Amino acid sequence: MILVTGSAGFIGSNFVLDWLAQSDETVINLDKLTYAGNLQNLASLKDDPRHIFVQGDIGDTELLPKLLAQHRPRAVVNFAAESHVDRSIHGPEDFIQTNIVGTFHLLEGVRSYWQSLPSPASGRGVGGEGVTQSDFRFLHVSTDEVYGSLTKDEPAFTETHRYEPNSPYSASKAASDHLVRAYHHTYGLPVLTTNCSNNYGPYHFPEKLIPLMIVNALAGKNLPVYGDGQQIRDWLYVKDHCSAIRCVLDKGKLGEVYNVGGWNEKANLDIVHIVCALLDELRPRPDGKSYREQITFVTDRPGHDRRYAIDARKIERELGWKPVETFETGIRKTVQWYLDNQDWVNNVLSGNYRQWVEKNYAART
Ligand code: NAD
Ligand code: DAU
């Protein structure tokens, strides 16, 4: 049994779907269901006994010890966070609360649970008696944004790059990474940290670049490109991020950090052009013009980082992980997914997924 936080969000829900497609190990899904949490992503698991959903906050100091004591997971994977840089600029407080204070409370709950587990030295917990201290893992999912911004010619971020977060979001994630590290060094908590580049794929909330461009294009709206559109991000298909997390959970060395990325650096404007070209092919505009006509350059994001790039050699060398998708295959799948899942998009845009949650999960939360 594993406990996964934030698994009604974009990456977390992909992770749980992939996990249960490959294993029968039960997942306890702890999610607060903020605006970004959408249980409809996990509709296929509604009656699946291997998925136990609990609505709650990672910072809830009463709920967490109860959940851990009741289910005795062998691992906790922490996706829960406020994740959108623009929102962090306009309202940083939720980011401090969840990403820093929430992670702190989560770590405290996990530490006390882990300390209560049998240690190998006690002689208990061997021979299938349940999870022991040495079996347990806490995996913290973090971001490349903690490393700051690169110039065009600087080498990609390695795990030893200095921390230089520039937005309230990245500063809050950096703080959480430091807490995780400290809990390993101070208390010996068996932690692993992953720092990943920009993800894209199914169930991505349409406030982020790629889904926003797809959704706006189809709705005939402007495609807002910040500044000159030459900022560079390093893109990874979400399923590849999920496989990297499974790999680190399985084989990662305790206390280590693993950068995760797909070697896919692209300028934002190029991304928007690629999305437009795919839509031109798969769902041409009725007037025969290109979706590119909808591109609009808008005021830049304050403090906008110019370039991120992940050096993913360590996870490949030490753990044997490599992404499966190229950007070309991943972005085609993604655009097709949004075309095939217009109901999901409409529900998210209208907020109807809240009613769906109340109807289907009210009795279980
Ligand atoms: P998301 O915003 O789509 O989902 C976040 C989920 O966390 C939501 O389901 C939300 O309800 C839940 N949540 C928020 N606050 C909570 C709290 N206090 N307690 C419990 N649940 C809470 O985010 P995402 O894009 O899926 O990102 C998941 C994680 O991966 C984050 O930690 C993020 O920093 C990290 N990450 C994201 C990317 C990316 O490109 N999206 C890249 C690298 C790392
Ligand atoms: O690098 C990993 C990070 O990637 C994650 O840690 C974050 O959780 C995730 O949200 C993402 O952050 P970004 O800020 O890079 O993602 P976003 O999709 O918001 O923006 C991608 C780029 O596109 C960025 O340079 C800003 C730009 N942009 C974004 C939007 C929403 C636009 O030009 N126009 C837009 O409308």
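Listing for the model above:
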item: Whichever residue in the range 325-336 is part of a helix (DSSP H, G or I) and among the polar types (S, T, N, Q) and, among such residues, is surrounded by the most Cβ atoms within 10 Å (Cβ to Cβ); result: T334
item: Qualifying residues in the range 20-41 (those that are more than 9 Å from ligand 1 (Cβ to nearest atom) and farther than 14 Å from T5 by Cα) - the one farthest from the chain's Cα centre (by Cα); result: D24
item: Matching option when the condition is assigned to a helix (DSSP H, G or I), in contact with a Ser or Thr (Cβ under 8 Å, 6 or more places away or on another chain) and surrounded by fewer than 18 Cβ atoms within 10 Å (Cβ to Cβ), among D280, D250; result: D280
item: Residue, nearest to K173 (Cα to Cα), within the range 197-228, restricted to residues that are more than 16 Å from ligand 1 (Cβ to nearest atom) and part of a helix (DSSP H, G or I); result: N216
item: Filter result for L236 (within 21 Å of S149 (Cβ to Cβ) and outside any loop (DSSP other than H, G, I, E, B)); result: yes
item: Per-region count, the range 6-53, residues buried (at least 16 other Cβ atoms within 10 Å of the Cβ), of a type in the set (A, V, I, L, M, F, W, C) and more than 16 Å from ligand 2 (Cβ to nearest atom); result: 13
item: Residues (surrounded by fewer than 14 Cβ atoms within 10 Å (Cβ to Cβ) and touching a residue at least 24 places away in the same chain (Cβ under 8 Å)) located in the range 353-365; result: R364, T365
item: Residues located in the range 310-345, provided they are closer than 16 Å to Y258 by Cβ and out of contact with any Gly (no Cβ under 6 Å at 6 or more places or on another chain); result: D311, R313, K314, I315, E316, R317, E318, L319, G320, W321, K322
item: Residue under evaluation H178, criteria (1) surrounded by 24 or more Cβ atoms within 10 Å (Cβ to Cβ); (2) away from ligand 2 (no atom under 13 Å from the Cβ); (3) in a helix (DSSP H, G or I), criterion not met; result: (1)
item: Subset of the range 262-299 (residues that are of a type in the set (V, I, T) and within 12 Å of ligand 2 (Cβ to nearest atom)); result: I271, V272, V275, I295, T296, V298, T299
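The rows are residues; the columns are (1) surrounded by 15 or more Cβ atoms within 10 Å (Cβ to Cβ); (2) over 20 Å from the mean Cα position of the chain (by Cα); (3) not small (G, A, S).
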| position | (1), (2), (3) |
| --- | --- |
| Y291 | yes, yes, yes |
| V298 | no, yes, yes |
| P302 | no, yes, yes |
| D305 | yes, no, yes |
| I310 | yes, no, yes |
| I315 | yes, no, yes |
| P323 | yes, no, yes |
| N346 | no, yes, yes |
| G351 | no, yes, no |
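Quick grid of which residues meet (1) free of Cβ contacts under 8 Å to residues at least 60 places away in the same chain; (2) assigned to a helix (DSSP H, G or I):
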| residue | (1), (2) |
| --- | --- |
| N29 | yes, no |
| L33 | no, no |
| A36 | no, no |
| F53 | no, no |
| G59 | yes, no |
| P65 | yes, yes |
| V77 | no, no |
| A80 | no, no |
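Any read-out appearing in this document is the output of simple, stated calculations on the displayed coordinates, not a laboratory observation. The shown structure was predicted, so the numbers you read here are calculated from the model rather than taken from an experiment. When we count neighbours, we look across all protein chains shown, and the Cβ atoms used for this are built from the backbone with ideal geometry, even at glycine.
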